[in-house]
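The values are calculated or read from the model by the stated rules, or taken from the named source; none is laboratory data. These figures come from a predicted structure and were not determined experimentally. Note that we place each Cβ from the backbone using ideal geometry, even for glycine, and neighbour counts take in every protein chain shown.
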Amino acid sequence: MSEQTVAVPVDEGRRAGAPLVLVLLGALSAFGPLCMDMYLPGLPELSDDLATPAWAAQATVSVCMAGLAAGQIVAGPISDARGRRGPLLAGVGVFTLSSLLCALAPSIVVLLLLRLVQGLAGAAGIAIARAIVRDRHDDPAHAAREFAILTVISGVAPILAPSLGGAVLEVGDWRAIFVVLAGVGLVLWLGTWRVIPETLPRERRHGGGLAQTGRAIAVLVRDRGFVGLALACGLSFGAMAVYIAGSPFVLEHRHGIGPTVFAVVFGVNAAGLIASSWVGRTLVARVGAPALLAGGQAMQVAGGALVLVTVLAGLGLAPLLAGLFLVVSATGVLVPNATALAMADHPEIAGSASGVLGLVAFGLGAVLAPLAGVAGDSALPMAITIFAAATGGAVALRAAR
C-alpha cells in the first residue's frame, strides 16, 4: 500500500478492516512471551541434547529478554526516520529466519547468539506496533482503547505459551518449537505486508541517525510526566513478570496445587486481565484515561498488599489467590492507559517513545522476575517484590502528575 493513499485520521480505528489490523498488532506485541515462554518446557531436553549445563540453557531465556529490551530502543527511532512498514517487515523477517536457524543450532554458543538476534528482531514488532497505534489516534482515550486490545493479547500470551510449547513437545523435540515460532513469524510477516498500512507519512519523518535518536531520548527523559508514566507501566509489567516466574513454585510446591488446578488458576487470572481490559476499553471515553490509570494502579497496590499480608500472616491459599488475581487484572487497565498517556505528547517521536517504554518494561521485568526465586519455593520474595513494584508504580504515577 503506497504512503500517498494512507491517511492518519483520529478515527482510523473505525475503518473497515481495523479489527484485523488490531489483531495483527496484538500478535506482534506478543513476540516477547512467545520468544521467552513457549520453549520453557523444552529447556531440560535442550540441555541434554546440546550437552550443556542447566544454567547455560536458562541463559538462552536471558539473552532473548535482553534482545527484546535493547531492540526496542533501536527499532522505535528507526521507524521514526524510515516509516513503520519497512522496519516492521524487516524485523519480523529476521525474527522468522533466526527462529528457523535456532532449530538448526549445533551448539549452545550458536544458540545463544541466535536467541539474541531473535530477541532484537522481535523487539521491532513490539515497539512499532505501539507507534502505529499512536499514529492512528491523537486522542489518548481512543489510543487507550486500542492499547487495551494489545494488552489483552500480549498479556494472555505468556500464560498460554508454555502450554503451547508443551503440546509441541508431545509430537516433536525442542527444535520443533523454534520451527513453530518460524511459522508464526512467517504468518505475521505475510499479514503485516498485506494488511498493516504505513501510518507515518514522509513529511512527518526525521532524518534519523544517532544524533537525532539521542535528542529524541533526551526530550523524553526530561519530560517528568513521560518518565513517571513509563515507570508506572514498566513496574506493572515487572509485577506481572514476578507473578509468572514465582507462582509455579509458590502455588505448586508451597501450597500443593497440582498442574491441572494450577492451569485453572492461570486461566482465571487471564480471564481477569481480559475482562479488566475490556471494561477499561468500554469506559475510557466516558471517564478518561487518567481516571482509569489511577484506578488500575490502586487496584494493583491493593492486590500486592493483600498478597504480602497473606504471606506474612500465613492466611492460607484463598486470599493469596485473590491478591494475585487483583495484581494480574489491574495490568489490563493500567498498562494501556499509561502507554496512551505517555505517548500522547510525543507524536513526532512516537517510535522513540515506544522504544523507551519497551526498554523500561522489559528491563524491569528482567531485573525483578528472578527475585521471586531467591529463597526457593518461599512465597515471601514474590510477595515483597510484587508489592514493591506496585507501590513504586504508584509513587512514579504521583510524581508524573
Review point. Can you tell me how many residues in region 13-60 are out of contact with any Pro (no Cβ under 6 Å at 6 or more places or on another chain), under 30 Å from Ala144 (Cβ atoms) and part of a helix (DSSP H, G or I)?
Key: 19
**Study point:** Criterion (within 22 Å of Ala338 (Cα to Cα), among the β-branched types (Val, Ile, Thr), touching a Leu at 6+ places or on another chain (Cβ under 9 Å) and in a helix (DSSP H, G or I)) met by exactly one of Val92, Val133, Val63, Val117
**Key:** Val133
Review point. Which residues, taken from region 191-204, are within 24 Å of Leu341 (Cβ to Cβ) and surrounded by fewer than 16 Cβ atoms within 10 Å (Cβ to Cβ)?
Key: Arg204
Review point. Considering only residues of region 197-252 that are among the hydroxyl-bearing types (Ser, Thr, Tyr) and modelled with pLDDT under 85, which is nearest to the chain's Cα centre (by Cα)?
Key: Ser247
Exercise for review: Could you please give the count of residues in region 46-58 that are modelled with pLDDT of 80 or more and either within 30 Å of Val356 (Cα to Cα) or surrounded by 16 or more Cβ atoms within 10 Å (Cβ to Cβ) (or both)?
Suggested key: 6
